[in-house]
Amino acid sequence: MTKSKLLRYALLGVTAALLANFFLQKKEKPQGHHPRDYAEIAAEGIIHAATEYNSISFYVDGDTLSGFHYELIEAFARDHGLQAAISPEMSFDNRLEGLADGRYDVIAYGILVTSELKDSLLLTTPIVLSKQVLVQRKLNDPADSSLFIKSQLDLAGKTLHVVKGSPSILRIRNLGNEIGDTIYVKEIEKYGSEQLISLVAHGDIDYAVCDESIAQAVADSIPEIDINTAISFTQFYSWGVSKQSPVLLDSLNTWLETFKKQKEYKEIYRKYYK
């Protein structure tokens, strides 16, 4: 892949997210609201959801909005007589802040279930299973062999780039304890997972950590990357709502338990998780 193509790919997500945000902003709530529970959401008729712009969660394809989590939250809204207002937000921290101040009712994105997050969020029943993987460049030049990570032990002293506020940070710290050495973490605020993958492929950074499903979704179009080193075991991923929204959590859980048994869910799942 040429340098120009990689740069275009890196900028694609941010540009599209900004465009999507522009077209959807008329549905957004201003800052300063309190977290809402289901009754207030139903009264307005709109559920405000934050997600990340990437090839799995939410993306713009021509004049069509697509994505696994986008289709799920749209189905939930449809089945409850609501409209879904989707806000693409690349920063995990910003998604949490938006949930806390009431801009968003739900984070409709695969959140890694950790005990740390359970202290600040209500997490839905698991939606998908996945794991965190290391993204690095393939070993094509023997001169770069010192950079190539063959096992988790090789991560000692290395710097891994992650989306700012990512729950994977806790896993990386625990992994450092497991291998008995320091693994450095650099949080990136402006970019999402796919943009970090592009930066690795282009050589701007050496390592990134992201969800395996996202890495697999772009691996064909960015053949320079290697995604075969797992950072975590396979774990549950859920949506998140405010601790002040227990009825919304119950509504989502009840719906998910039923919807995941239906043909529509299986078709959506196969579309994005081949």
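Charge tally for GLN244 (other residues, Cβ to Cβ under 9 Å; Lys, Arg +1; Asp, Glu -1): +1. The angle between the Cα long axis of helix 3-24 and the main principal axis of the chain comes to about 10°, on a 0 to 90 degree scale. Summarising the amide proton neighbourhood of ILE188: residues at separation of 5 or more, or on other chains, whose placed amide H is nearer than 5 Å comprise VAL162, VAL163, LYS164. Note on the chain: GNM, Cα springs under 10 Å; of ILE169, ILE179, ILE214, the largest mean-square fluctuation is that of ILE179.
Under a 5 Å amide H cut-off, with hydrogens placed 1.01 Å from N, TYR104 pairs with LEU99 among residues at least 5 apart or on other chains. Here the 3J(HN,Hα) profile of segment 110-118, calculated from phi with Karplus coefficients 6.51, -1.76 and 1.60 at θ = phi - 60°, is x, 9, 5, 6, 10, 5, 5, 5, 5 Hz, Gly and Pro shown as x. Estimate the FRET efficiency between ALA156 and SER120 by the formula 1/(1 + (r/R0)^6), using the beta-carbon distance for r and 25 Å for R0, to the nearest 0.05. The formula returns an efficiency of 0.20 here. Using the rule -39500 (n - 2.57) for each DSSP H run of four or more residues, divided by the residues of the chain, the 222 nm mean residue ellipticity is -12000 deg cm²/dmol. Counting only DSSP beta bridges with both residues in the chain, the antiparallel share comes to about 60 percent. Amide hydrogen proximity for LYS158: with H placed 1.01 Å from N in the peptide plane, the residues at 5 or more positions away or on another chain lying under 5 Å are TYR184. What does the charge count around TYR269 come to, taking other residues whose C-beta lies under 11 Å from its C-beta (Lys +1, Arg +1, Asp -1, Glu -1)? Summing Lys and Arg as +1 and Asp and Glu as -1 gives +3.
Which links in LYS131/LYS266; LYS190/LYS260; LYS138/LYS263; LYS158/LYS260; LYS186/LYS266; LYS131/LYS243 stretch past 28 Å when you go from one Cα to the other? Beyond 28 Å between Cα atoms: LYS190/LYS260; LYS138/LYS263; LYS158/LYS260; LYS186/LYS266.
Neighbours of ILE231, meaning other residues whose beta-carbon lies under 9 angstrom from its beta-carbon, give a summed charge of +2 when Lys and Arg score +1 and Asp and Glu score -1. How far is helix 263-272 tilted off the main Cα axis of the chain, in degrees rounded to 10, range 0 to 90? Helix 263-272 sits at roughly 30 degrees to that axis. For the options LEU155, LEU199, LEU139, a Gaussian network treatment of the chain with springs between C-alpha atoms closer than 10 Å singles out LEU139 as fluctuating the most.
Ordered from highest to lowest accessible area with the whole protein assembly present and a 1.4 Å probe, ARG270, ARG171 read as ARG270, ARG171. Computed over the chain with a Gaussian network model linking Cα atoms closer than 10 Å, the most mobile of VAL163, VAL185, VAL209 is VAL185. Whole-Hz Karplus values for segment 86-96 come out as 9, 10, x, 10, 6, 8, 5, 4, 5, 5, 5 Hz, taken residue by residue from phi with 6.51 cos²θ - 1.76 cosθ + 1.60 and θ = phi - 60°; glycine and proline positions read x.
The values are calculated or read from the model by the stated rules, or taken from the named source; none is laboratory data. Everything quoted here is computed from the prediction, not taken from an experiment. Glycine also receives a Cβ, built like all others from the backbone with ideal geometry; neighbour counts cover every protein chain displayed. Calculation scope for accessible area: heavy atoms of the full protein, side chains included, ligands and nucleic acids excluded. Shrake-Rupley method; radii C 1.70, N 1.55, O 1.52, S 1.80 Å.
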